[in-house]
Amino acid sequence: MILQALKEYYDRKAADPAGGIATWGWFEGHIEFAIVLNLDGTLAGLQPYFSMKERRRILEPRLLPFIGKQARKHANNGEDANLLWDNATFVFGLGDKGTKKIRSFIGTIRRNLAGIDDPAIASVLRFLENGQQDPKVFDHVLRDAEYGEIIREGKANLTFRINGDCDQFIFNRPLIKAHISTGLARSELMGTCLVTGKSSVPIEEHHVVIKNLYGAKKDPNVVSFNEDAYRSFGKKIGDNSPVSIEAAFAYTTALNHLTRKGGNNMPLGDVTMVYWSEREAECAKEIESFFGSLPQDNPDKYVSAVDALFTSLKSGAFTKDEATTKFFVLGLTPFGPRIAIRSWVVETIKGMSEKICSHFNDTEIEQPRRSRMPEPRWLSLNALLASTSNQTKYDNKKPHLVRYRNKYYDVKPNLEADMMRSILEGLPYPYTLLQGAIRRIRAEQEISYSHAALIKACLNRSMRFNKTTNKEELKVSLDPNNINIGYRLGRLFATLEQIQEDANRGRKLNVTIRKRYYGAASSTPVAVFGTLLNRLNPHHLEKLKEGLKVSRKKTLREIIGEIDGTISFPPTLSLEDQGRFAIGYYHQMQDFFTKREKTV
């Protein structure tokens, strides 16, 4: 199913002239240098194909001939040269296996381009064979004053150009290019392809690696049998999982296209999420904005995309095709030479939009009235995750760092990917999210906008799936009818703190009751509220003006009067009720700020 979907994506992109994906026989790579030859095989010069920026070589992506998995990663046998391009160890025969490598490079040209009537091929072969016999032929390149050291390192990719060809690489000459485009990958193994269903087709024996996976120490494979224990009856890779050469090229090219820098991908901890739609659709772009990172120059784009999704759902703007068009999300984690499939979600564009909008409905809560900087209505995934962790320094060895407002937060491993899976599949959020948010509130002694939004979402979605509970869902703003003990105690604590603030207006308090008592009040209420109500609160009330005193006492009576009709407090609160305590506190405080703004 996954490989079929990737192949279909490749076929759609390849059929589109503006698709930007390599077609059969080619792949996207880089060339650093072109060796310029005369038609008689003599050296005419060396031309670089990169620019420098802050001491780094900047390379443009180019389409290069593809004849097998060595295009992405060489084996260690020195016998798998690429066609008409490769690194310097193959082109010039450098290193321990240099003799094998240059022989392989020459043999690859002869084997794949035999019968092509282009004098440029003979020119390249003459240059290589002359250098094979007399290494001094290559010295003009290897000892080049400006670039010789870079080439001798053996990592730079080189190709050839005929002098006077107007900056055209040799493999782009018309006859050679047409021949390469027919596909030159070969296999002796024949069988039935599991992806296309075609029988008696050449089977790929070694699948191409996937590049740019986050956290990968070396480039892994989707289809791989790297140990004998994984090979049924001792069969080779192609026998174990027969995929035709054409289908293997299609799915690996599509996946490398998606994982490239700037492609449809996002890192979530040690998981790389890639996503695509079955066909082009306007609403698919809005969904992709949810996955993509926020552009630095337009931080409102994320919020605008979410608003557009809500608008589309409410107005029924989805066309018939968009409502049924599939949207795919694939989560990949590298494990040594192989890739683990962490998640695979297939949903219609409309269905995916509904699940994403459901997530934002769950996280919506009243925006803070008193904040150092304006908060958006819709919080990003990073904002929510950051509320579960403390700030830390950047370390590229930690794949689970979350960046939010140019600061880094060390979240629990796998939490990002697990939360995304909950959103995409409409499942309850990981329990560790609720634990993390409550733990940070107690540590910071403050309930932020993102804390409240995340806790509300966790509790509401959990109750929705736990149908045995009789507790009602938390609202966006203050809910006077909510009689849950945790929610009521949170409101009560906020009121007591507000009375303290009213009593000391104009004076800076070193320690508020929130900083001193929040942790105990939210977990073991019976140990704290007696002191707050009977000792501290009367003292603070006496300092208030009569009108404000009456108003605050009225609020206290409304809250206390509905805690089972008594002022007895429970010895402990469960983690879920500690979350409701936080929401009750947040709602009540925002209500105080709103009323104050109206009276000013």
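The values are calculated or read from the model by the stated rules, or taken from the named source; none is laboratory data. None of these values were measured; they are calculated from a predicted model. We place every Cβ from the backbone using ideal geometry, glycine too, and count neighbours over all the protein chains shown.
Observations
- Residue in segment 340-349 that is touching a strand residue (DSSP E or B) at 6+ places or on another chain (Cβ under 7 Å) and free of Cβ contacts under 8 Å to residues at least 12 places away in the same chain present: yes
- Boolean, Phe493 is touching a helix residue (DSSP H, G or I) at 6+ places or on another chain (Cβ under 6 Å) and either closer than 25 Å to Val476 by Cβ or outside any loop (DSSP other than H, G, I, E, B) (or both): yes
- Of the criteria (1) within 22 Å of Phe465 (Cβ to Cβ); (2) free of Cβ contacts under 8 Å to residues at least 40 places away in the same chain, which one Arg421 fails: (2)
- Here the helices (runs of 4 or more DSSP H) wholly within segment 174-293 that include at least 1 residues being in the same structural domain as Pro119 (by TED's automatic domain parsing) are 174-180.
- The lone exception for Leu474 - which of (1) more than 30 Å from Thr333 (Cβ to Cβ); (2) hydrophobic (A, V, I, L, M, F, W, C); (3) touching a Cys at 6+ places or on another chain (Cβ under 8 Å) it fails: (3)
- Between Leu128, Leu94, Leu83, Leu113, the distinction of being free of Cβ contacts under 8 Å to residues at least 60 places away in the same chain and of a type outside the set (S, T, N, Q) belongs to Leu128 only.
- Among the residues listed as Ile151, Ile121, the single one being in contact (Cβ under 8 Å) with a residue 12 or more places away in the chain, of a type in the set (A, V, I, L, M), in a helix (DSSP H, G or I) and farther than 16 Å from Asn38 by Cβ: Ile151
- Scanning segment 416-450 for residues that are surrounded by 21 or more Cβ atoms within 10 Å (Cβ to Cβ) and farther than 27 Å from Gly331 by Cα turns up Ile438, Arg440, Ile441, Ile447.
Residue-wise test of (1) aromatic (Phe, Trp, Tyr); (2) surrounded by fewer than 18 Cβ atoms within 10 Å (Cβ to Cβ); (3) over 37 Å from the mean Cα position of the chain (by Cα).
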position	(1), (2), (3)
Leu64	no, no, no
Arg72	no, no, no
Asn82	no, no, no
Lys97	no, yes, yes
Leu113	no, no, yes
Val124	no, no, yes
Glu129	no, yes, yes
Asp139	no, yes, yes
Ile150	no, yes, no
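- Those residues of segment 154-173 which are out of contact with any Phe, Trp or Tyr (no Cβ under 9 Å at 6 or more places or on another chain), touching a residue at least 24 places away in the same chain (Cβ under 8 Å) and not in a loop (DSSP other than H, G, I, E, B), in sequence order: Ile162
- Those residues of segment 334-349 which are surrounded by fewer than 18 Cβ atoms within 10 Å (Cβ to Cβ) and modelled with pLDDT under 90, in sequence order: Phe335, Gly336, Pro337, Arg338, Thr348
- Scan of segment 460-480 for residues that are modelled with pLDDT under 90 and either assigned to a loop (DSSP other than H, G, I, E, B) or within 22 Å of Glu542 (Cα to Cα) (or both), ordered by number: Asn466, Lys467, Thr468, Thr469, Asn470, Lys471, Glu472, Glu473
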